[in-house]
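The values are calculated or read from the model by the stated rules, or taken from the named source; none is laboratory data. Computed from a predicted structure; not experimentally measured. Cβ: placed from backbone, ideal geometry, glycine included. Neighbour counts: every protein chain shown.
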Amino acid sequence: MTRAQSTAVDNAIEPSDLAVAVDLAQRTLSSTNPIAVRESLRILLRAVEQDAVRRSVDAQFPTVAAFLAEERA
């Protein structure tokens with residue numbers, strides 16, 4: 001791997017948990033396996049709940065949200 005490729009990989013934006021959960025749910029929609037569908041929905045609901053909590057905290061505590069965003073960057 002070249003240095004430029006390594007830098008590109010290091011700087012790649014990782015999808016949010018919610019985006020990954022939505023992708024998983026979309027892939028299992030046509031599944032005939034009820035367990036796979038159930039687990040996919042469970043993961044999706046957990047991701048939606050976590051996203052809602054994060055948004056609520058961000059709205060109530062903008063200074064903390066800015067600090068955490070800076071730490072993630």
Taking the stretch 14-33 and keeping residues surrounded by fewer than 11 Cβ atoms within 10 Å (Cβ to Cβ) and modelled with pLDDT of 90 or more leaves ASN33
Among ALA59, ALA52, ALA47, the single one that is of a type in the set (Gly, Ala, Ser), modelled with pLDDT of 90 or more and surrounded by 14 or more Cβ atoms within 10 Å (Cβ to Cβ) is ALA47
Per the list (1) surrounded by 10 or more Cβ atoms within 10 Å (Cβ to Cβ); (2) modelled with pLDDT under 90, residue check on THR2 breaks on (1)
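Which of the residues spanning the stretch 34-44 are of a type in the set (Val, Ile, Thr) and either in contact with a Gly (Cβ under 8 Å, 6 or more places away or on another chain) or surrounded by fewer than 13 Cβ atoms within 10 Å (Cβ to Cβ) (or both)?
Residue satisfying the conditions is ILE35 alone.
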